[in-house]
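Once you've had a glance at the structure underneath, I'll fire off some questions.
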Amino acid sequence: MAGDPPPSSTQLRVNSRSNNVIHPVDIDPPSVQSSAATPVLFGEVKHFRKWVPWLIPCFVVANVVLFIVTMYVNDCPKNSISCIARFLGRFSFQPFKENPLLGPSSLALQKMGGLDVDRVVHRHQGWRLIACMWLHAGLFHLLANMLSLLVIGIRLEQEFGFVRIGLLYVISGFGGSLLSALFLQSNISVGASGALFGLLGSMLSELITNWTIYSNKLAAFSTLVIIIVINLAVGILPHVDNFAHIGGFISGFLLGFVFLIRPQFGWVSQRYASSGHSSVSAKPKFKMYQCILWIISLILLIAGLTVGLVLLLRGVDANDHCSWCHYLSCVPTSKWSCKTEAAYCMSNEIGNQLNLTCSSNGKYAVYYLQDPTTARIQGLCTQLCS
């Protein structure tokens, strides 16, 4: 499953407040002098205007709706013996032992479009690379991710508009899914964490490419870097898909240089001033370093996504070419193990009696069920092997 979202502390101080950015629209027009010269006209500059955020709230609603649909499809009372909050009916949660995040079973997530590498490669279901970023493993997972999305995403949409932030969100999520699929091929992965890390990465590159318009540059830069490092460090815990975080962050970082570039002030003032006050030497819209970063980032992004997709569809396991990369997603300690194995059970039905034996740990259990479905047997097997 996709990694746990960044903690709430990672979203609050990321937002660059309006007083940290100098906007041309905030400059008071100069007073009319006694000469007959025409005063400079100042109006709202479209590159710096505030947008009304609506796309990010729509993304949040879509994630919540899909979680409700997933719980409906899961139908815990029908497919599991014990459920949490059974009074919710088919919306009740799987047992804590199977899913401690208060959510559905892995089988339900797979049905809804969770990232299953085998289905992507051998059944040509590439759409799962996008679908998985709209699903969540549990209620805790959903709430943390959506709170993070609201705090980070709304600020970015206000600054740069819904088109650029919408594309940035989706492409970053795709990049996170792609890297996850190349390294974690035995688990089902879901979550918006890759896209969220893409937004964090874009904030860092936006700060770099628009460096001259920020005050307190070093403070903003160091704070953002610390937040990102802490969130990536959390990803080394077990059951957290840090590869989705890393892939989303890299994609968003490169996209920030492409989508979030701002024109320099000299060009802005020249562009919106009257002809009588235009400067003698025309200034370019963007600085040289901005153009260089734009070109390099676009090339790296296209090349990286293309190569990654080709390798995935050819069935390449990236772990075979990088023996240490698995430590980027989980570091084993005496407190936990990073080994995750799919649940496989030997089953035997005698009338209403179902005998299950977990192949991985040897546990044995007997259940008395009336015509158990395949989904229910799989759910019982997952609980037995947990």
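Values quoted throughout were computed directly from the atomic coordinates according to the rules given, and no laboratory measurement underlies them. Remember, it's a predicted structure, so these values are computed and weren't measured experimentally. Glycine gets a Cβ as well: all are built from the backbone with ideal geometry, and neighbour counts include every protein chain shown.
I need the calculated FRET efficiency for the pair Tyr72 and Ala303, taking r as the beta carbon distance and R₀ as 41 Å, to the nearest 0.05. Could you put the intermediate results ahead of the total?
Details: r = 41 Å, r/R0 = 1.01.
Approximately 0.50, to the nearest 0.05.
By how many nm would the segment from Val170 to Ile130 grow when fully extended, if each residue of separation counts as 0.36 nm and the alpha-carbon distance is taken off? Mind showing how you got there, number by number?
Numbers: separation 40, 0.36 × 40 = 14.40 nm, distance 0.76 nm.
Working it through step by step, the gained length comes to 13.6 nm.
Based on the alpha-carbon gyration tensor of the range 201-245 and its eigenvalue square roots a ≥ b ≥ c, which shape applies: rounded if a/c is under 1.5, prolate if not and a/b is larger than b/c, or oblate? List each step's numbers first, then the result.
Working: a/c = 6.53, a/b = 2.47, b/c = 2.64.
Oblate, since a/c reaches 1.5 and b/c is not below a/b.
Given H placed on each backbone N at 1.01 Å, which residues far from Lys363 in sequence or on other chains put an amide H within less than 5 Å of it?
Cys358
Residue by residue through the range 52-68, what is 3J(HN,Hα) from phi via Karplus (6.51 cos²θ - 1.76 cosθ + 1.60, θ = phi - 60°)? Round to whole Hz and write x for glycine and proline.
For the range 52-68, the Karplus curve yields 8, x, 9, 5, 4, x, 5, 4, 4, 4, 4, 5, 5, 4, 5, 5, 4 Hz.
Please give me the summed charge of the neighbours of Val121: other residues whose Cβ is under 13 Å from its Cβ, Lys and Arg +1, Asp and Glu -1. All intermediate terms of the calculation are to be shown ahead of the outcome.
Numbers: positive: Arg119, Arg123, Arg128, Arg314; negative: Asp116, Asp118, Asp317.
Summing Lys/Arg as +1 and Asp/Glu as -1 gives +1.
Mind listing the phi-derived Karplus ³J(HN,Hα) values for the range 145-150, rounded to whole Hz, using 6.51, -1.76 and 1.60 with θ = phi - 60°, and x for any glycine or proline?
Once θ is set to phi - 60°, the couplings for the range 145-150 become 5, 6, 5, 5, 5, 5 Hz.
Quick check on the range 44-182: take the gyration tensor over C-alpha atoms, sort the square-rooted eigenvalues as a ≥ b ≥ c, and tell me if it's rounded (a/c under 1.5), prolate or oblate. Walk me through the numbers on the way to the answer.
On the way: a/c = 3.06, a/b = 1.64, b/c = 1.86.
Verdict is oblate for the range 44-182.
What does the charge count around Pro53 come to, taking other residues whose C-beta lies under 10 Å from its C-beta (Lys +1, Arg +1, Asp -1, Glu -1)?
Working: positive: Lys50, Arg155; negative: Glu157, Glu159.
Here the charged neighbours net out to 0.
At a 10 angstrom cut-off on C-beta neighbours, averaged per residue, how do the peptides 298-305, 71-78 rank from highest to lowest? Could you put the intermediate results ahead of the total?
On the way: 298-305: 14.2, 71-78: 19.1.
Descending mean neighbour count gives 71-78, 298-305.
Per-residue counts of other Cβ atoms within 10 Å, averaged by peptide: what ranking do you get for 111-124, 218-231, 250-263, 136-149, highest first?
Working: 111-124: 18.0, 218-231: 15.2, 250-263: 23.9, 136-149: 21.8.
Ranking the peptides 111-124, 218-231, 250-263, 136-149 by packing returns 250-263, 136-149, 111-124, 218-231.
Still on this model: Report the full-extension gain for the segment Cys291 to Val61: residue separation times 0.36 nm, less the Cα-Cα distance, to one decimal in nm.
Net length gain for the segment: 79.1 nm.
Another one. Sort 283-294, 172-183 by the packing proxy (mean of other Cβ within 10 Å over each peptide's residues), most packed first.
Details: 283-294: 15.2, 172-183: 27.7.
Top of the packing list down: 172-183, 283-294.
Determine the gain in length on full extension of the stretch Ser186-Thr223; use 0.36 nm per residue of separation and subtract their C-alpha separation, reporting nm with one decimal. Mind dumping the intermediate values first?
Values: separation 37, 0.36 × 37 = 13.32 nm, distance 3.59 nm.
Between Ser186 and Thr223, full extension yields 9.7 nm more.
Can I ask one more? Distances over 17 Å make up what percent of all Cα-Cα pairs in the range 344-386? Write out the running numbers ahead of the final one.
Values: 168 of 903 pairs.
Roughly 19 percent, rounded to a whole number.
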